[in-house]
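Note sheet for the following structure.
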Amino acid sequence: MKKNVRKAIIAGNWKMNKTRPEAKALLTELAPMVADVKDVEVIACVPFTNLETAIEATKGTNIKIGAQNCHFEKSGAFTGEISADMLVEMGVEYVVLGHSERRQYFGETDETVNKRTKAALAAGLKPIVCVGELLWERECDITEEVIARQIKLDFYSLTSEDIKKCVIAYEPVWAIGTGKTATAEQAQEVCAFIRGCLAKQYGEDTAEAVTIQYGGSMNAGNAAELVSKVDVDGGLIGGASLKAPDFTAIVKAAENG
Ligand code: 13P
């Protein structure tokens, strides 16, 4: 309904892929391909080890750089963790939080996603917070309950101003890396439901201002239909973000969507 008030965001989530030379090569190939894109925010969320290389390689381009996690404490005895301030100091702008792979393999909970989101916002990062249901949960017809719970818990105690700085990625877990994309109707249905949850909590105007992406086997072939939906404001892309032509095709689809 108010899609025109939101800028579409296409973000690549590289996950645990690419060495530094590979990262540099991919971003150097991608930059000229998306140079003329104005109406879509283009982001690459790269592994921690690639952040400096990625920031350097995208200087003067319209590609923004994101990380794939951050800790909620400012510093201290948290071996293996990276703080939000450390990312900001490097020039990182976005951070993916609560990805289902972190929830599934690394013990991430709604409570820690909430803490990380608040820490990221306090440091000046823009969080891309992932929510989504398991196949089993969809089959049991509790998708809306699962999503409503995640939205409530992950954004607990955030103000309207805070939530407007967040991007929400709806990623049905059964669609991630499986080649099984949600239909555009399924994506729209849940993205609209998320917006409805935000409207209840923060009011219509705030809800309309929040970018809600779809993620899960999004590719050059299905992106146009997904982003044509009124509540689908872009995508969080895994596999297809690792090849510059494929990722560019998705960005262009969002530009026309
Ligand atoms: P795929 O695009 O590889 O399915 O991954 C989606 C995803 O998890 C993005 O965060």
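The values are calculated or read from the model by the stated rules, or taken from the named source; none is laboratory data. What you are looking at is a predicted structure, and each value in this text was computed from that prediction instead of being measured. As a convention, Cβ positions derive from the backbone with ideal geometry for all residues, glycine included, and neighbour counts pool all protein chains shown. Side chains are part of the model used for accessible areas, which takes the heavy atoms of the whole protein and leaves out ligands, DNA and RNA. Shrake-Rupley method; radii C 1.70, N 1.55, O 1.52, S 1.80 Å.
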Problem set entry | Fraction of accessible area attributable to carbon and sulfur, the chain (%, probe 1.4 Å) | 53 percent
For this session: With N set to the residue count of segment 76-116, report its C-alpha Rg divided by 2.2 N^0.38 Å to two decimal places.
Result: 1.25
Problem set entry | J(HN,Hα) series, segment 114-119, from Karplus relation 6.51 cos²θ - 1.76 cosθ + 1.60, nearest Hz, glycine and proline x | 4, 5, 5, 4, 5, 5
Exercise. How big is the charge dipole of the chain about its Cα centre, in debye rounded to the nearest 20, if each Lys and Arg gets +1 on its Cβ and each Asp and Glu gets -1 on its Cβ?
Worked result: 460 debye
For this session: Among Cys130, Ile82, Gln104, flag the residue with its Cα farthest along the positive direction of the charge dipole of segment 1-139, charges on Cβ as +1 for Lys/Arg and -1 for Asp/Glu.
Result: Cys130
Problem set entry | Descending Cα extents along the principal axes, segment 114-257, whole Å | 39, 37, 25
Exercise. Which whole-percent values make up P(r) of segment 1-68 when all C-alpha to C-alpha distances are grouped in 5 Å steps starting at zero?
Worked result: 3, 18, 29, 23, 13, 7, 4, 2, 0
For this session: List, largest first, the extents of the alpha carbons of segment 22-153 along their principal axes, each in whole Å.
Result: 46, 37, 25
Exercise. Mind checking Rg over Rh on the chain, alpha carbons, Kirkwood formula for Rh?
Worked result: 0.93
Seminar exercise, completed: Computed ³J(HN,Hα) along segment 243-252: with the Karplus parameters 6.51/-1.76/1.60, θ = phi - 60°, integer Hz and x for glycine or proline, the list is 10, 4, x, 5, 5, 4, 4, 5, 4, 5
Seminar exercise, completed: Answer check: segment 51-93, Cα atoms, Kirkwood Rh, Rg/Rh ratio of 1.03
Problem set entry | Cα-based convex hull volume of segment 185-233 per residue, rounded to whole Å³ | 64 Å³
Problem set entry | Area projected by the alpha carbon convex hull of segment 89-183, averaged over all directions, nm² | 7.0 nm²
Exercise. Each residue of segment 7-20 in order: what ³J(HN,Hα) in whole Hz does its phi give by Karplus 6.51 cos²θ - 1.76 cosθ + 1.60, θ = phi - 60°, with x for Gly and Pro?
Worked result: 8, 5, 10, 10, 10, x, 9, 6, 6, 8, 9, 5, 7, 4
Exercise. How much solvent-accessible surface does His71 expose, in Å² to the nearest 10, with a 1.4 Å probe and all protein chains in place?
Worked result: 20 Å²
Problem set entry | Expected 222 nm ellipticity per residue - DSSP helices of 4 or more, -39500 (n - 2.57), all of the chain, to 500 | -12500 deg cm²/dmol
